Amino acid sequence: MKTLLIVDPQIDFISGSLAVPKAEAAMLKLTERIEKEALAPTQAWEQIVITVDAHPIDHCSFVAQGGEWPPHCIKQSVGAAIYEPLMQALIKLKGNSAAPRITIVEKGKLQEKDEYSAFGESLPEYLQSSSSVEVCGIAGEYCVFTTLSDLIKHGMPPRNIVILKECIGSFDDGETIEKFAQTHQCNIA
């Protein structure tokens, strides 16, 4: 099973309180890919997994609680919403009779626990059965990096991971992700 894994494509990381450089351009590239898939007779992915921050208003990662980040992606806030053009492309994709299953996974829900990856404890069964995983999202050196690390830690062979470089927004212009790909011999597309 082929999986597209989109990490934290949320408003606060694109144009909100914790905006990441070039994140909007990366999400527009991803949106274009998904829009092309919506028109294709067969799909590139059998499933799409989207991780999202869903923080409580007093999350431990926020500066006011002693953390390092401004308040962001507070559950049910505008900033926690999935980037609208991407969401519209996903809705359009679901209109295709061969559309992949789409799963949204929340992380960072507990006040006292920060989570950069949604898969710190284990890989869910729907990811364990993946023959390949294409990974993209925001922010490259934090949540995307940690998610990639957890995929490998929990048994996903690096050769089965494809990093969609142009669909990743990063504070460090992609350096961390490039080093990760070289170190672990992941594919870059």
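What follows is calculated from the coordinates using simple rules that are stated; it is not laboratory data. Every value quoted in this text rests on a predicted model; they were computed, and no experiment measured them. Neighbour counts are summed over all protein chains in view; Cβ atoms, including those assigned to glycine, are modelled from backbone coordinates with ideal geometry.
Observations
- Among the listed pairs Lys75/Lys113; Lys107/Lys153; Lys92/Lys165; Lys36/Lys165; Lys2/Lys153, those with a Cα-Cα distance over 21 Å are Lys92/Lys165.
- 5 angstrom amide H check on Val105, placed H, neighbours 5+ away: Ile50, Thr51, Val52
- Here segment 100-172 and segment 21-81 have alpha carbon centers that stand 12 Å from each other.
- Nearest 10 degrees, 0 to 90: helix 23-39 Cα axis against the chain principal axis: 30 degrees
- Formal net charge of residues neighbouring Gln65 (Cβ-Cβ distance under 13 Å; K, R +1; D, E -1): -3
- Gaussian network model of the chain, Cα within-10 Å springs - most flexible of Thr51, Thr31, Thr103: Thr103
- Estimated vicinal HN-Hα couplings, Hz - segment 113-118 in sequence order (Karplus 6.51, -1.76, 1.60; Gly, Pro = x): 10, 8, 9, 7, 10, 7
- Normalised by 2.2 N^0.38 Å, where N is the number of residues, the C-alpha radius of gyration of the chain stands at 0.97.
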